[in-house]
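The values are calculated or read from the model by the stated rules, or taken from the named source; none is laboratory data. What you are looking at is a predicted structure, and each value in this text was computed from that prediction instead of being measured. Here the Cβ is made from the backbone with ideal geometry for all residues, glycine too, and neighbour counts use every protein chain on show. Keep in mind that these areas ignore ligands, DNA and RNA; they rest on the heavy atoms of the full protein, side chains included. Shrake-Rupley method; radii C 1.70, N 1.55, O 1.52, S 1.80 Å.
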Amino acid sequence: MTGEEHGNTHPGTPAQAWATLMEGNMRFVESLASHPNQDAARRASLMNGQHPFVTIFGCSDSRLAAEIIFDMGLGDAFVVRTAGHVIDNTALGSIEFGEEYLDVPLIVVLGHDSCGAVTATKDSVETGSMPAGHVRGIVELITPSVLAALRADSASTVNSMVAEHVKQTAARLLEESPIVAGAVASGKTAVVGLSYHLNDGRAELVHSSGAIDA
């Protein structure tokens, strides 16, 4: 894609993608969102293909709409979402698709304050009672992160558990996907973990693998 986006050339490196992402979040935090790439011309330009600059693997929470909190538009983000951003084969395959077929230069793991899935896991660890149905599978996948946070601080809060879960999810992407690990090792992409604060809309960096500094 060769058009002007976000007032600058389309981000092609991890550092450029990271800067663009954070600039968008700052606009959102400061109520200065420009709502880029959301008009008819942008829609028409994407009819024959896409070249997103970021893959966002985030929680399904309705308060975590990536295109809004990072002030993006059509064609900017390849978004994968599961409750508690837990990794399964389809989520991992979707992230790998972004690398193999779309050459996305930045992968973001996005968690948030007061995450319901992490709260349910914390409650399960404390009570020994597991939720019913397939929610149990989500809790089982988040449990190692909750236990790690409790080992570090027995008084750990849900929000500190969220940050730990973001870190562990980012690490698992590299451990479980040779495609992602290879892209990071070659400098083609970077993986970052962000914790989103509901009160002010700020996305805080809690993990990074790969070069995101210009």
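Data for the structure
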{"quantity": "DSSP H segments from the chain that extend 15 Å or more along their own axis, Cα-based, with Kyte-Doolittle mean of 0.0 or above", "calculated": "14-29, 135-152"}
{"quantity": "Extension gain from residue 198 to residue 35, taking 0.36 nm per residue of separation minus the Cα-Cα distance", "calculated": "56.7 nm"}
{"quantity": "Cβ charges +1 (Lys, Arg) and -1 (Asp, Glu), total dipole of the chain, debye", "calculated": "220 debye"}
{"quantity": "Accessible area of the range 1-143 divided out per residue, in Å², using a probe of 1.4 angstrom", "calculated": "47 Å²"}
{"quantity": "The range 24-119: relative contact order in percent, alpha carbon pairs under 8 Å with at least 6 residues between", "calculated": "35 percent"}
{"quantity": "Linear extension gain, residue 62 paired with residue 136, 0.36 nm per residue minus alpha-carbon span", "calculated": "24.6 nm"}
{"quantity": "Simple Cβ-charge dipole of the range 52-143, Lys/Arg +1 and Asp/Glu -1, about Cα centre, in debye nearest 20", "calculated": "340 debye"}
{"quantity": "Angstrom value of the Kirkwood radius, inverse mean 1/r, which spans all Cα pairs in the chain", "calculated": "17.6 Å"}
{"quantity": "Relative contact order for the chain, counting Cα pairs under 8 Å that sit 6 or more residues apart, in percent", "calculated": "22 percent"}
